[in-house]
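What follows draws every value from the coordinates through simple rules; no lab data is involved. Please read all numbers here as calculations on a predicted model, not as lab measurements. Heads up, the Cβs are rebuilt from the backbone with ideal geometry, glycines too, and the neighbour counts pull from every protein chain shown.
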Amino acid sequence: MSDNKLISDGVNVKSHRLSKKEIENNFSDLHAPLSAVEALIESDRCYFCYDAPCTKACPSDIDVPGFIQSIRSDNLTGAAEKILSENIFGGMCARDCPTEELCEQACVRNDNEEKPVEIGLLQRYATDSVLSSGVKLFSRKKETGKSIAVVGAGPAGISCAHRLAVLGHKITVYDAQDKPGGLNEYGIAAYKSTNDFAQQELQYILDIGGITIKTGMKLGNQINLEDLQEQYDAVFLGCGLGTVNQLNLDNENVSGVIDAVEYIENLRQIDSKDELMVGKNIVVVGGGMTAIDIAVQSKLLGAEQVTIAYRRGKNIMAASEYEQLLAKKHDVQIQYNVSPKRLLSENSHVTAMEFDVMQSQSDGGLKASGENITLKADVVFKAIGQKLVTEGLNSLEIIKGRIVVDENRKTSLTKVWAGGDCILDGNNLTVSAVQDGKLAAISINETLTQGV
Amino acid sequence: MADLSSNFLGIKSPNPFWLASAPPTDKAYNVNRAFEAGWGGVSWKTLGEDPHIVNVNGPRYTSMMSNDRRVIGFNNIELITDRPFKVNLKEMRQVKRDWPDRALVASVMFPMNEESWAKHIPIIEDTGVDGFELNFGCPHGMSERGMGAAVGQVPEYIKQATEWCKKYATVPVIVKLTPNITDVLYPAEACLEGGADAVSLINTINSIMRVDYDTLTMFPTTGNMGTHGGYCGEAVKPIALNMVAEIARNEKTKNLPISGIGGVTTWKDAVDFIALGASNVQVCTAAMVYGFKIVEDMKTGLSNFLDEKGMKSVDELIGKAVPSVTDWKFLNLNHVDKAVIDQDKCIKCGRCYIACEDASHQAIEYTNNNDDRVFTVNDDECVGCNLCVSVCPVVDCMSMVAMTSGTDPRTGKKISSEVADWTTHANNPLKVS
């Protein structure tokens, strides 16, 4: 686990900016779950569309009208089965999917009344029901005698492992962290995964049996790809992106300039969030979900001024409009079209950050306008993307720093499949990682059982 | 403002909305509240012989609800009044005295012997009631004792009991019919033969609402057993409308005044009943679910509707739609409708498509180019069945449009302005040549 004191005490950096109670309140569920009454009424709004656009928009192919009809008829087990048979992390996806860009954006209700069916909340209602009752929806087929190694116990790896377990294979999952779960455990904003939900869901999934988890096992250190290929019938890589991009500015090593991902990991693991060191003026560099997450969570921890500094315009920002709105709702400022120029510091602690104001060119490129702005900062969070750790993966075809896979998530190596954030063209969504794992498992199974 | 006042068989009321004989008209307390709320009249909870009947001390009612708990259908096993005859008479006399401008009708149910009618009818009439309503419809409990629906299901009994009532009453006699029969014209004609001044319909329909999914017993039960009740509420309106229209268009009964009952919840329901031949309407379930205030919208809604139609009174609406009701055999087989989708309104849900595809004539086509969903009607296959319109969730998005010229691409037959029905159709073995 990372050190709690990611930021050394500076003039404006301190813990306990808010009381324990205030922080607990701030980090409660982002969206309250639906009550039974609300779920019944909301389920009635679904038109049960043919060839439903919401299902088409779901990266994991969930039969949305199908599960909503089951909620409508009080068949919650049936609803959960429909969801989880396509997406075993249906519970977490109901919490962290950008539904406003996926299923709910596609809902035909938008055309008539600009208010889609609350698909995400309905999915949560159905999946929470079986997770809390513990109803077993899946059982394992007869043992096949095949064994598969999965690297990474995140959504991609566990999705793959679960599907393979159902199909009767034996799986060993290796993970570098102390706890399994990957980004569900270490990355997702705390207010989207309350009450240790990631571990509860994981436990439910692993109850299927046939899956052994080995933590503290890092690819390239304790394990390596060559050995895994030798020892197992197949290997799935769901190792995520192990390192973060750097600003490449002078002074980047001064205190107060830190990786957002690392800080969030710490935030997710710490027992009392009030003990986290929080700046007064915070600048977040980046434009994706991580930037939004760290900005909003900093506000919730009591930071006074939080500004997201993004190099390009509003429409190009990777974070959805909904997420940008969420940030603004939490009083986060978003500064568009500013590119990092230099870090200012005093006594080895960051004090401000200077940016070039950029102008978009007709060819889509960016050009410095010549103007600068300076933002006061006691803490600068770097949220400018993550990188695949390629050590130990040299035998694989890698393009643009990502593993190349085919439509079945098979890599250039005969016995190796991959999915989640580490593959090329991945979209960094939990739901897509789950789909990758599922597709890879289906392909692995087909390969291993061919001619059997 | 259109005139809502009603004169039904000479019984005057300020509006055509009466409360049907049922729990809301059980006693003076309720009826006074109803009149304060603006109801035009009431049919008092059915009187019977003393000793008065008793009710169960468990569930009398159950409802069928939508997911947002709106009552769609309603069921009851309550019997006729469970209070002494004299108590009811005293209250009725007082109520009529206090509300002289409102209609007060006595609903009655007596056994099939003349003495009973001879004994009770004059005493009841002495309270000042405006008329009688003979309850030949109650489908539970009382029917086991040879009354209620047990009478209403036998035309001869209807005629006989009506004659007895008419013999001892001087005020108008309305006969309330049960829908638990095969053809409502038999009881309606029997009413006429017995001298009834009017019929009212429908009473409730035999029903069991559901089972209890835990105990797998019928639901609800009194202790561990239940019995069928009478079904009413919005869900029964179409059944009632058909029976009303059948009586209104039947040669023998077409002049028999009708009081329409069955699921009236809004002014639109009243328009349905009145246009199909009723002179007024009676309401129970809506009042039981929403309280007496519900009449306010019924009154303003009906009045505004009449204004919009340029009608000065309710009377002008009575029976307006009756000429449009006929037998299937007289429907024009030369008429051709085709479904039309208003693409600007279409929200691309595909309900029309899948309904037509799975359950009708595969006349709607679906294309999906890069999530651009388009649904179109294929006139070559469309039989004009209206299923698509019936399932479309968007108001006025789908409609049926009549072909007035050209050729029906489905049959290759030219559109004809001539009317041709089954009676002359070549396939009809009994055709009139």
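For B:ASN206, the amide hydrogen comes within under 5 Å of the amide hydrogens of B:TYR231, counting only partners 5 or more places away or on other chains and with H modelled in the peptide plane. Pairs of Cα atoms nearer than 8 Å and 6+ residues apart set the relative contact order; for region A:327-412 it is 17 percent. Each Cα pair under 8 Å and six or more residues apart adds its separation to the average, and for chain B the resulting relative contact order is 13 percent.
Distance from the alpha carbon centroid of region A:28-61 to that of region A:429-452 works out to 27 angstrom. Excluding A:TYR174 itself, calculate the net charge of residues whose Cβ lies under 9 Å from the Cβ of A:TYR174, where each Lys or Arg counts +1 and each Asp or Glu counts -1. Local net charge: +1.
Comparing chain A with the 2.2 N^0.38 Å rule of thumb, its C-alpha radius of gyration ratio is 1.00 (two decimals). When the protein assembly as shown is described by a simple charge dipole with +1 on each Lys and Arg Cβ and -1 on each Asp and Glu Cβ, the residue from B:LEU216, A:GLY152, A:MET317 located farthest towards its positive end is B:LEU216. Of all the options B:THR25, B:THR423, B:THR253, the one that moves most in a Gaussian network model of chain B with Cα springs shorter than 10 angstrom is B:THR423.
Close amide-amide hydrogen proximity is noted between B:VAL377 and B:ILE341, B:GLU365, each under 5 Å apart and 5 or more residues distant or on a separate chain (H modeled in the peptide plane; Pro and chain starts excluded). Among B:HIS361, B:HIS140, B:HIS335, the residue with the largest mean-square fluctuation in a Gaussian network model of chain B, with springs joining Cα atoms closer than 10 Å, is B:HIS361. Helices in chain A that qualify as membrane-span-like (whole DSSP H runs, Cα extent of at least 24 Å along the helix axis, mean Kyte-Doolittle hydropathy of -0.5 or higher) are A:430-449. In whole Å, what is the distance between the alpha-carbon centres of region B:65-116 and region A:123-186? One Cα centre to the other: 65 Å. Which residue, chosen from B:TYR168, B:GLY230, B:GLY195, occupies the Cα position most advanced towards the positive end of the dipole of region B:162-247, where the dipole is computed from +1 (Lys, Arg) and -1 (Asp, Glu) charges on Cβ about the Cα centre? Result: B:TYR168.
Ranked by the mean number of other Cβ atoms within 10 Å of their residues, highest first, the peptides A:420-427, B:415-422 fall in the order A:420-427, B:415-422. Past the 31 Å Cα-Cα mark, which pairs from A:LYS218/A:LYS280; A:LYS329/A:LYS410; B:LYS268/B:LYS329; A:LYS192/A:LYS415; A:LYS218/A:LYS382? Correct reply: A:LYS218/A:LYS280; A:LYS329/A:LYS410; A:LYS192/A:LYS415. Backbone geometry of region B:355-361 corresponds, through the Karplus equation with coefficients 6.51, -1.76 and 1.60 at θ = phi - 60°, to 3J(HN,Hα) couplings of 5, 5, 5, 8, 10, 10, 10 Hz, x marking Gly and Pro. Near A:LEU122, once Lys and Arg are set to +1 and Asp and Glu to -1 for all other residues with Cβ below 10 Å from its Cβ, the sum equals 0. Highest GNM mean-square fluctuation among B:GLY406, B:GLY233, B:GLY41, for chain B modelled with Cα contacts below 10 Å: B:GLY406. As a length-normalised measure over Cα pairs under 8 Å and 6 or more apart, the relative contact order of chain A settles at 19 percent. The phi torsions of region B:321-329, fed into the Karplus equation with coefficients 6.51, -1.76 and 1.60 and a -60° offset, translate into couplings of 8, 4, x, 7, 9, 9, 7, 4, 5 Hz, rounded to whole numbers, with Gly and Pro shown as x. Highest mean packing comes first when the peptides A:82-88, A:54-60 are listed by Cβ atoms within 10 Å, giving A:82-88, A:54-60. Note on B:350-360: average number of Cβ atoms from other chains within 10 Å of each residue's Cβ is 2. By the helix-only formula, in which each DSSP H run with n ≥ 4 contributes -39500 (n - 2.57) and the sum is divided by residues, chain A has a 222 nm mean residue ellipticity of -9500 deg cm²/dmol.
DSSP assigns beta bridges within chain A; of those with both partners inside it, close to 40 percent run antiparallel.
When you filter the trypsin sites (Lys or Arg not before Pro) in region B:25-88 for DSSP loop state and at most 14 other Cβ atoms inside 10 Å of their Cβ, you are left with B:ARG69, B:ARG70. Applying the Karplus relation 6.51 cos²θ - 1.76 cosθ + 1.60 with θ = phi - 60° to region B:90-98 yields 3J(HN,Hα) values of 4, 5, 4, 4, 5, 4, 5, 5, 6 Hz, where x marks Gly and Pro.
The length gained on full extension between B:LEU333 and B:ILE123, counted as 0.36 nm times the residue separation minus their Cα-Cα distance, comes to 69.9 nm. Beta bridges per DSSP, both residues in the protein assembly as shown: antiparallel share near 45 percent.
Annotation: amide H-H contacts under 5 Å for A:ILE334 (H modelled 1.01 Å from N, sequence separation of 5 or more, or interchain): A:ILE308. In chain A, a dipole from Cβ-located charges (positive for Lys and Arg, negative for Asp and Glu) runs towards its positive end, and of A:LEU267, A:ASN394, A:VAL13 it is A:ASN394 whose Cα lies farthest in that direction.
Only DSSP H runs of four or more residues enter the estimate; each adds -39500 (n - 2.57), and after division by the residues of chain B the mean residue ellipticity at 222 nm equals -8000 deg cm²/dmol. Pairs over the 26 Å Cα-Cα cut-off, from the set B:LYS176/B:LYS320; A:LYS214/A:LYS299; B:LYS96/B:LYS176; A:LYS20/A:LYS387; B:LYS254/B:LYS309: A:LYS214/A:LYS299; A:LYS20/A:LYS387. For region B:240-297 and region A:271-316, what is the separation of their Cα centres, given in Å? Taking the Cα centre of each part, region B:240-297 and region A:271-316 sit 65 Å apart.
Among beta bridges identified by DSSP and lying wholly in chain B, the antiparallel ones come to about 50 percent.
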